[in-house]
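Taken together, the values in this text are just the output of simple stated rules run on the coordinates, not laboratory data. Bear in mind the structure is a predicted one, so any value in this text is a computation, not a measurement.
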Amino acid sequence: MLTKKHFKEIAEIVLNNTDKFKSIALKSDFINDLSNYFIEVNPNFNRDKFIDACHNSQSKFKQALKNEIEKRGFDTSKIEIVHIR
């Protein structure tokens, strides 16, 4: 059975490989797919903690999302990026 120790290690791997995802949407989909599987194999799995860990308490995720929005030509100075589950 996967344990909290395993989930922490997997979150660290995801966090350290953020730059390998072609988009934030792909990363979020990947994290959600992992979360769905982890809930199946361990009913005590904490989805919120895992998602936060994968996004490093959301700071790296927010910066990457902001960068992606700017790459598409939008002004992010008036945008507040919030994390929605």
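Applying the Karplus parametrisation 6.51 cos²θ - 1.76 cosθ + 1.60 with θ = phi - 60° to the phi angles of the range 11-24, what ³J(HN,Hα) value in whole Hz is obtained for each residue in order, glycine and proline being reported as x?
Result, rounded to whole Hz: 4, 5, 4, 4, 4, 6, 10, 3, 5, 7, 7, 6, 8, 5.
Report, in listed order, any pair from 22/78; 20/62; 49/78; 4/66 with a Cα-Cα distance greater than 19 Å.
Result: 22/78; 49/78; 4/66 exceed 19 Å.
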